[in-house]
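First the structure, in the form of structure tokens, and then the observations on it.
Any read-out appearing in this document is the output of simple, stated calculations on the displayed coordinates, not a laboratory observation. In this text, all values refer to a predicted model and were calculated from it rather than measured experimentally. Cβ placement follows ideal geometry from the backbone for every residue including glycine, while neighbour counts extend to all protein chains displayed.
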Amino acid sequence: MRDAIRQQAEQVIRRNDRGSYTVPTHGLYPFQWNWDSVLSALGFAHFDEPRAWTEIDTLFAHQWEDGMVPHIIFHEPNDGYFPGPDVYRTGRAVPTSGLTQPPVAGFAVRRMFERARDRDLAERRARALLPRIHAWHEWFHRCRDPQGTGLVAILHPWETGRDNSVDWDGPLSRVSTEGVEPFTRRDIQHANPAHRPTQAQYEGYIRLVQTFRELGWDNTILHDASPFRVADPGFNAILIRSCEDLGWLADRLGEPQIAEQSRSFAARGIAALETLWSEAHGQYLCRDRVTGEAVESLSIGGLIPAFAALPEARMSALAHRIATLGQSCDHLVPSHDPAAPEYDGRRYWRGPVWLIVNYLIADGLRRAGHDGIVGRIMSDSLRLIEKSGFAEYYDPVTAEPCGGVDFTWTAAMVLEILAQEEAPA
Ligand code: GLC
């Protein structure tokens with residue numbers, strides 16, 4: 001059984017391979033996506049290390065001069081996706097979006113480096129990526145935390161990778177959609193509209209893109225000018241973990257300055273994350289930086305901080321909170337609390353389980369020694385695959401496969417989970 005799943009996972013990844021980058025899935029997402037690519041590289045590394053490094057190199061070849069790494073690289077024209085380069089108009093030779101995505105590269109590159117069979121190759125490729133990843137982390141602190149709070153803001157729901165989370169309902173409702181240009185969505189031609197964001201949400205998404213475009217995608221002004229600015233605990237935790245891991249890597253590669261600065265970013269982030277903790281809910285909450293208020297939404301964004309090196313009391317509280325969620329659904333970890341009124345088990349980030357997030361959360365909990373809950377998350381993840389294939393996401397109660405099929409990063413996470421099962425404890 002395990003062997004068959006492993007083979008299928010490899011096939012899914014190969015099928016979505018376009019040579020130097022992978023698409024998340026054919027049809028629905030025909031370009032290179034930032035965090036999909038980086039997490040997919042972890043999958044490639046199990047059967048083709050050079051190809052794994054190339055995946056990340058290709059992404060970083062499109063890094064902006066200011067350090068930002070875009071969320072989509074439009075390598076080839078394809079009108080099956082909206083919004084395309086004509087909407088972003090970022091003026092790049094190979095068009096890219098002007099938004100970014102969760103910075104998992106520091107984490108993934110350390111992991112690939114540590115596990116590499118080809119040590120020389122790993123050292124060469126990691127050495128070349130190190131300053132680029134660091135420049136991205138510096139960009140976050142410079143451009144997305146100009147007031148020096150220790151936490152970075154996201155300026156668009158798409159940046160978090162949790163596009164239509166309940167977290168954004170309040171902040172997005174305050175963004176005027178006046179002047180939004182007419183558009184035709186493509187996503188609902190590829191996937192069931194009941195599994196996708198609503199039309200009103202899409203209008204907000206596109207209006208924000210237009211606003212940033214009108215500001216010339218100038219990252220020195222976007223943060224303060226944006227009508228949407230949220231400090232997301234999950235996003236910040238991913239950045240913190242990547243800074244920590246990049247610091248580790250920089251030490252190994254003899255780059256003490258990068259090491260020191262990365263560690264200081266991580267330490268500041270961990271301290272600042274405390275301001276997002278909610279004792280009442282036993283998890284973290286987003287903070288709307290426009291109003292200054294906490295966003296009362298029980299999403300998985302408040303659990304992802306387990307990926308970073310939190311104080312033990314917080315780790316235990318998150319493990320407990322996840323175990324409690326496990327009493328109301330068969331498959332952990334739902335992207336929104338099933339007991340909350342806004343929960344929708346099939347609509348994208350408003351309830352469904354995503355394997356990539358399971359992997360990140362479990363990784364952090366494992367480091368902190370919470371093996372019981374890690375075992376449950378991993379076995380729930382594999383049951384979903386056995387039952388429903390390599391879907392984009394799954395209903396946490398029924399295990400129904402939702403969204404797109406044959407997903408690259410889902411397959412990559414399966415290879416990771418299988419390898420971890422086999423690894424000596
Ligand atoms: C959706 C997801 C995002 C992902 C992208 C490509 O936009 O919300 O996290 O990167 O699809 O798979």
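Applying 1/(1 + (r/R0)^6) with R0 = 30 Å to the Cβ-Cβ distance of residue 386 and residue 316, what FRET efficiency is obtained, to the nearest 0.05? After rounding, the FRET efficiency stands at 0.45. Each label point was placed 7 Å from the Cα along the Cα-to-Cβ direction; for residue 281 and residue 324 their separation is 1.2 nm.
The calculated FRET efficiency for residue 367 paired with residue 199, based on their beta-carbon distance and R0 = 51 Å, is about 0.75.
Using R0 = 22 Å, the C-beta based FRET efficiency linking residue 57 and residue 14 works out to 0.75.
Extending 7 Å from the Cα toward the beta-carbon at both residue 124 and residue 419 defines two label points whose distance is 2.0 nm.
Using alpha-carbon positions, what is the distance between the centroids of segment 5-77 and segment 100-129, in Å? Between the Cα centres of segment 5-77 and segment 100-129 lies a distance of 14 Å. Short-range pairs are left out: with C-alpha atoms under 8 Å and at least six residues apart, the relative contact order of the chain is 18 percent.
Relative to the Cα centre, the charge distribution of the chain, modelled as +1 at Lys and Arg Cβ and -1 at Asp and Glu Cβ, gives a dipole magnitude of about 380 debye. When both segment 354-425 and segment 208-266 are represented by their alpha-carbon centers, they are found 27 Å apart.
For segment 280-425, averaging the sequence separation of C-alpha pairs within contact (under 8 Å, six or more residues apart) and dividing by the residue count gives a relative contact order of 20 percent.
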